[in-house]
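The structure under discussion appears below in the form of structure tokens.
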Amino acid sequence: MSETDLPAPDSDELRQLLTREDLRSLYLFLYDRRRNPPTMVEIRAHAAAANGESHSQTDRRVRELRDWFRLPVVRTGRVHVYRLEGRADEQQGERSGVSPKVRGEVLSAKRCAQCGKTPAEDHVKLEVDHKIPHSWGGTDDMENLQPLCTQCNHDKQAFYSSMDPFEEQIRTATAHLEPHRRIGELLKAFHIAGVDTPSRVVGVVASMHQYQEDWQKRMRELRKLGWDYDTIKRKENGRIRSYYRLTAFTDWPDGNIAAEIKRREKAKKRAKS
């Protein structure tokens, strides 16, 4: 699909495709800015002026629009911009989404999976959250869903939206079930792009399928497989941020990665004794 496949902003086709005014407003803004794609700061400013939306609401609209259209984040100089390129390869906007039955099963836990608050005791409202967002390759499968209270869900969306510029690299890694492979493939994707990997992105990707209490240990264990990386510290907005720069990598071993790491650790100990 190409830019020529984009429906005109005032067309009946677009009104049938995007039934909500807020989505059509965002589409119109991005459509008009095809030759000069906007940054997220500009998108948020437009949405606030046009619809009075908060940042988290705008971030959600961007993710929703990707159900119908390709909207990659592209690095231009020192900034990242959102470029409307064409229709999505698959019209995800037509999917059935989370069924009422599955939604009920997810919410039956009656407790926020993040803060532990409950509707009965804390008077919070629970929402169905996708552990891995659709835009990062997540699905509507039960394993990818969890109950979150409204506040935790909004906080998570705001945090995840800050990583939108790295969406392409994140999608490369999310499909892998083993944390070592997710981390390694993420480092490789950033390496190929010529960009250092932010530690906060590594932490999120490492815990996507199962929470990793010590994902830094998984990082260090990659060295036992012949991988290596440098750690870079940078001061940004008054805070010290950590980044990783991949310097060496090898093919993944056959079979279970964690088991192979343990095997090599034991072999090294035997060699020393």
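This table checks each residue for (1) closer than 23 Å to residue 53 by Cα; (2) touching a helix residue (DSSP H, G or I) at 6+ places or on another chain (Cβ under 8 Å).
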site	(1), (2)
133	yes, yes
144	no, no
148	yes, yes
170	no, yes
Test set (1) of a type in the set (A, V, I, L, M, F, W, C); (2) at pLDDT below 95; (3) under 27 Å from residue 74 (Cα atoms) - residue 215 fails condition number
(3)
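Hey, which of the helices (runs of 4 or more DSSP H) in region 1-65, taking only ones fully inside, have at least 3 residues that are of a type outside the set (Val, Ile, Thr) and at pLDDT 85 or above?
On the way: elements: 12-17, 21-32, 40-51, 55-65.
Hits in region 1-65: 12-17, 21-32, 40-51.
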The lone exception for residue 18 - which of (1) more than 27 Å from residue 138 (Cα to Cα); (2) touching a residue at least 24 places away in the same chain (Cβ under 8 Å) it fails:
(1)
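Listed here are the residues, each with its yes/no results for (1) outside the structural domain of residue 70 (by TED's automatic domain parsing); (2) closer than 24 Å to residue 70 by Cα; (3) without any contact (Cβ under 8 Å) to a residue 12 or more places away in the chain.
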| residue | (1), (2), (3) |
| --- | --- |
| 111 | yes, no, no |
| 118 | yes, no, yes |
| 132 | yes, yes, no |
| 148 | yes, no, no |
| 178 | yes, no, no |
| 181 | yes, no, no |
| 186 | yes, yes, no |
| 189 | yes, yes, no |
| 194 | yes, yes, yes |
Helices (runs of 4 or more DSSP H) wholly in region 158-273 with at least 1 residues that are surrounded by 13 or more Cβ atoms within 10 Å (Cβ to Cβ) and aromatic (Phe, Trp, Tyr) - which ones?
179-193, 215-222
Can you spot a residue in region 94-109 that is part of a loop (DSSP other than H, G, I, E, B), of a type outside the set (Gly, Ala, Ser), without any contact (Cβ under 8 Å) to a residue 60 or more places away in the chain and surrounded by fewer than 19 Cβ atoms within 10 Å (Cβ to Cβ)?
yes
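The values are calculated or read from the model by the stated rules, or taken from the named source; none is laboratory data. Keep in mind that this is a model prediction, so the values were computed, not measured. No Cβ is skipped: glycine too gets one built from the backbone with ideal geometry, and neighbour counts run over all protein chains shown.
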